[in-house]
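Read-outs: derived from the displayed coordinates by stated rules, not from any lab. Since we're looking at a predicted model, the values are computed, not measured.
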Amino acid sequence: MANFNKVILLGNLTRDPQLSYLPSQTPVVDFGLATNRRWTGQDGQQREETCFVDCRAFGKPAETINKYCKKGRPLLVEGRLTFDSWTGQDGTKRSKHRITVEGFQFMPTGGARQASADSAGEAQIPSPDAAQPQTGGDDIPF
């Protein structure tokens, strides 16, 4: 039987990343990501739903996310879905799905939020498309 487990999400961090270390001194960062879905219902009304997802990254990516990401920052993550289960303090069995991050990309922030971050003195990561010229719809290269 074939198996495939790949998740790609683009959303905003719901909280500041929390860095910790495994006993082997491997960095681990946990953070939340919120993704939005907008659509028009059959009645013509605009609708929106938000999905909140817990994410975890290890190693150098964990340190990078912890250093440059804060609550509200957009982030694209790529990884796999993992299932965690444990026994709660009250003795009940608990479980949840989480994204184990295998790769990520910083996304540009925009508008007033970017200006306030600049004035707050936070470290800024240049947008990957900042050096690329923007082309109009008529400049298709084929």
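Using a/c under 1.5 as the rounded threshold, could you call region 7-120 rounded, prolate or oblate? The axes a ≥ b ≥ c are square roots of the C-alpha gyration tensor eigenvalues, and prolate needs a/b larger than b/c, oblate otherwise.
Here region 7-120 falls in the oblate category.
In terms of modelled amide H atoms, which long-range or inter-chain residues lie less than 5 Å from the amide H of residue 69?
When sequence neighbours closer than 5 places are left aside, there are no close amide H contacts.
For region 7-120, what is the relative contact order in percent, using Cα pairs closer than 8 Å and at least 6 residues apart in sequence?
27
Read phi for every residue in region 57-68 and hand back ³J(HN,Hα) as whole Hz from Karplus 6.51 cos²θ - 1.76 cosθ + 1.60, θ = phi - 60°, with x for Gly and Pro.
With the stated coefficients, region 57-68 comes to 10, 10, x, 4, x, 4, 5, 5, 4, 4, 6, 10 Hz.
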